[in-house]
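Before any comments, here is the structure.
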Ligand SMILES: Nc1nc2c(ncn2[C@@H]2O[C@H](COP(=O)(O)OP(=O)(O)OP(=O)(O)O)[C@@H](O)[C@H]2O)c(=O)[nH]1
Ligand SMILES: [Mg+2]
């Protein structure tokens with residue numbers, strides 16, 4: 001049963017991926033536990049990149065348009081998908097949900113689509129949505145041990161953005177222990193320390209996005 005669900009999901013993920021590739025769009029799956037800072041990061045990202053890249057956002061939430069509203073007016077096409085609206089209130093986005101949201105985005109006029117997944121540290125990582133890369137926002141308020149306790153998302157991330165570093169002086173949080181734990185489950189992931197509040201590291205993240213898009217456009221899809 002579970003295998004069938006994943007097989008069907010993967011088929012739709014492949015269709016999403018084909019649509020992204022056809023439109024020369026780079027798709028990023030942005031995941032984290034609730035409140036790690038995805039939407040605040042996206043606001044900063046749009047403010048910095050709107051003049052360089054045409055960005056579309058798929059905003060995934062169980063209910064409400066709160067986050068989609070926060071991204072309004074920043075130059076991005078935003079497509080909201082509420083999982084409580086016909087998708088059983090799921091705690092993640094899957095490929096069919098993203099496909100529905102993509103129908104409301106002008107893909108041929110975009111360079112990058114960032115999918116803000118539902119805030120959840122477990123389920124979103126289990127579903128391919130047709131993305132080219134996975135970026136994870138991890139907040140230092142979550143504790144050093146999370147890569148060991150919730151390895152699936154950390155293991156599948158191409159990039160881990162270590163957010164809210166402005167709060168470190170107020171926390172009992174050891175950054176080196178976190179990195180040791182992260183490396184134990186994912187030795188390859190790129191890491192960038194950021195603060196969506198102060199702007200620290202946001203330029204580096206924007207550079208990563210631009211590089212990822214350039215790389216995507218120059219490497220043939222069959223490789
Ligand atoms: N101090 C500090 N606060 C931050 C930072 N980034 C985000 N926040 C705060 O953290 C809270 C959650 O941020 P959001 O951007 O809503 O987080 P999210 O991951 O989009 O949350 P969900 O969509 O509900 O999963 C907000 O109160 C933000 O102001 C940061 O770098 N430093
Ligand atoms: Mg959010």
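Kirkwood analysis of the Cα pair distances in region 151-223 returns a hydrodynamic radius of 13.9 Å.
Peptides 185-192, 33-40, 79-86, 128-135 ranked from most to least packed, by the mean per-residue count of other Cβ atoms within 10 Å: 128-135, 33-40, 79-86, 185-192. Translational diffusion of region 1-131, estimated by Stokes-Einstein from the Kirkwood radius over alpha carbon pairs at 25 °C in a medium of 0.890 mPa s, is 167 µm² per second. What's the angle, to the nearest 10 degrees (0 to 90), between helix 175-185's Cα axis and the longest principal axis of the chain? It works out to around 50 degrees.
Fewest first, what order do 211, 69, 111 take by the number of other Cβ atoms within 10 Å?
Going from least to most buried by this count: 211, 69, 111.
With the convex hull of the Cα atoms taken as the outline of region 66-223, the averaged projected area works out to 10.8 nm². Between 0 and 90 degrees, the angle of helix 2-22 with respect to the longest Cα principal axis of the chain falls at about 80 degrees.
Where a number appears in this text, it was derived from the coordinates with a stated rule and is not lab data. Since we're looking at a predicted model, the values are computed, not measured. Here the Cβ is made from the backbone with ideal geometry for all residues, glycine too, and neighbour counts use every protein chain on show.
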